[in-house]
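Here's the structure we're looking at; comments come further down.
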Amino acid sequence: MAAQLQHLEVVRAGNASLRPVLRYCLAHTRQGPVELERHVSAFLDYARAMSIDLRRLWIARKSTDDIAGAACIVSPGRTAMLLLPTALALGTNEIVIRSLAHRAMEDVFEEDVRLLQVLLEENDDIGRSALEACGFQEIALLLYLECAIDLPAPSVDMPHSVNMKAFHWVPYSEEAHVDFERTIVDTYVGSADCPGLSELRRIGDVIEGHKSAGRFDPAQWKLLKCDDEPMACLLVAQNPLRPVLEIVYMGVRPAHRRKNIGGHLISEVMNIAQHQRIKTVTLAVDARNEAGRRLYGNFGFRETARRRAMIRVNPRD
């Protein structure tokens, strides 16, 4: 290892290196140079639209040659996303990835960040090994799904025991904030989506993080209530550049599961999309969530990508 590290250094990069660093971070298999440049440009457009700070950049340099780069994005809710090169696309070795991750961790954990996350290609075993050596653990294999909205939302069959006349939606507001907190926390109980992750974050941080996932519109965050009792929550965000809605989070309280409430939530998202003339809805689901995957498949969602989600908790927290 010492021989491999000889002449390797990781240095903080300036803004002039932003595009070269992003080329390292965003390159993936099955992607040519032209497609990579489009990917980088689209990423930069999104970052500008969302006012994302892209000043945390690092370059891995061997002798006088730049061989890899990393970027870190700190988000509301005390979380950060670390962008690293994939060994599958660039042939980057484990030592380089580990060195970039360590340097980024040293910097970002000095800030008020509790969780650092990395998304890897599913078969990037070199990156996974490097991150595990840095103290990261895998929390989920995430499946990214997409659905084209070209027809009215299908009707949802509900059990006879469910009184649909008592159902009503409550949008997010400061007055409803506590109800949203309590409902979201309740939906974590027995959830098959990233189990254990909720224990690592305070609910206030979770909500702040969800608000930063796309363009936040309080009218598109909803509680589904039966009379005065919250049954489920639906958090939706819009892409600032494209006509796309993302289901940031949806969950049903344990007492109301197995009543097709989830189908009612998705049907509402499709109604929102049609009302706004949006043609695409996206989401990410834990591969272990078989019930959720069946539900999304029934509504026409199809898989577009897979990523391994790795997290590292700030040891100073």
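The values are calculated or read from the model by the stated rules, or taken from the named source; none is laboratory data. Keep in mind that what you see is a predicted model, and the values were worked out from it rather than measured. Ideal geometry is used to build each Cβ from the backbone, glycine not excepted, and the neighbour counts take in all protein chains shown.
Computed quantities for the displayed model
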item: Where a residue in the range 118-140 is within 16 Å of Met81 (Cβ to Cβ) and its partner, wherever it lies, is polar (S, T, N, Q) and surrounded by fewer than 19 Cβ atoms within 10 Å (Cβ to Cβ), with Cβ under 8 Å and at least six apart; result: Glu121/Thr29
item: Total residues in the range 180-213, condition charged (D, E, K, R) and closer than 15 Å to His256 by Cβ; result: 2
item: Scope the range 100-125; condition at pLDDT 95 or above and more than 17 Å from Ile73 (Cβ to Cβ); matching residues; result: His102
item: Any hit, the range 32-45, residues being on the phi < 0 side of the Ramachandran plot and in contact with a Ser or Thr (Cβ under 8 Å, 6 or more places away or on another chain); result: no
item: Selected residue [within 23 Å of Gln137 (Cα to Cα) and either without any contact (Cβ under 8 Å) to a residue 12 or more places away in the chain or of a type outside the set (D, E, K, R) (or both)] from Gly14, Gly69, Gly32; result: Gly69
item: Ile272 being of a type outside the set (Ser, Thr, Tyr), surrounded by fewer than 20 Cβ atoms within 10 Å (Cβ to Cβ) and either touching a helix residue (DSSP H, G or I) at 6+ places or on another chain (Cβ under 7 Å) or in contact (Cβ under 8 Å) with a residue 24 or more places away in the chain (or both); result: no
item: Evaluation of Ala80 against (1) within 19 Å of Arg312 (Cβ to Cβ); (2) free of Cβ contacts under 8 Å to residues at least 40 places away in the same chain; (3) more than 19 Å from the chain's Cα centre (by Cα) (one fails), failing number; result: (3)
item: Complete set of residues in the range 209-222 that are over 15 Å from Ile272 (Cβ atoms) and touching a Phe, Trp or Tyr at 6+ places or on another chain (Cβ under 7 Å); result: His210
item: Which numbered condition Met250 fails, given (1) under 19 Å from Lys211 (Cα atoms); (2) in a loop (DSSP other than H, G, I, E, B); (3) among the hydrophobic types (A, V, I, L, M, F, W, C); result: (2)
item: Whichever residue in the range 193-220 is among the small types (Gly, Ala, Ser) and part of a loop (DSSP other than H, G, I, E, B) and, among such residues, is surrounded by the fewest Cβ atoms within 10 Å (Cβ to Cβ); result: Gly196
item: Residue match in the range 276-293 (condition: surrounded by 21 or more Cβ atoms within 10 Å (Cβ to Cβ), part of a loop (DSSP other than H, G, I, E, B), touching a residue at least 40 places away in the same chain (Cβ under 8 Å) and in contact with a Cys (Cβ under 8 Å, 6 or more places away or on another chain)); result: no
item: Selected residue (only one of Ala87, Ala71 is touching a Cys at 6+ places or on another chain (Cβ under 7 Å), within 15 Å of Cys25 (Cβ to Cβ) and in the same structural domain as Ala130 (by TED's automatic domain parsing)); result: Ala71
item: Residues that are in contact with a strand residue (DSSP E or B) (Cβ under 7 Å, 6 or more places away or on another chain) and under 22 Å from Pro254 (Cβ atoms), drawn from the range 289-317; result: Gly292, Arg293, Tyr296
item: Unique match (being modelled with pLDDT under 95, more than 18 Å from Ile184 (Cβ to Cβ) and not assigned by TED's automatic domain parsing to the domain that holds Ala176) among Pro315, Pro243; result: Pro315
item: Positions within the range 115-144 being surrounded by fewer than 18 Cβ atoms within 10 Å (Cβ to Cβ) and either out of contact with any strand residue (DSSP E or B) (no Cβ under 9 Å at 6 or more places or on another chain) or of a type outside the set (A, V, I, L, M) (or both), in sequence order; result: Gln117, Glu122, Asn123, Asp125, Ser129, Glu132, Ala133, Gly135, Gln137, Glu138, Tyr144
item: Those residues of the range 169-180 which are under 28 Å from Ala49 (Cβ atoms) and assigned to a helix (DSSP H, G or I), in sequence order; result: His177, Phe180
item: Residue satisfying all of: in the range 175-192; surrounded by fewer than 17 Cβ atoms within 10 Å (Cβ to Cβ) and free of Cβ contacts under 8 Å to residues at least 60 places away in the same chain; farthest from Ala309 (Cα to Cα) among these; result: Glu175
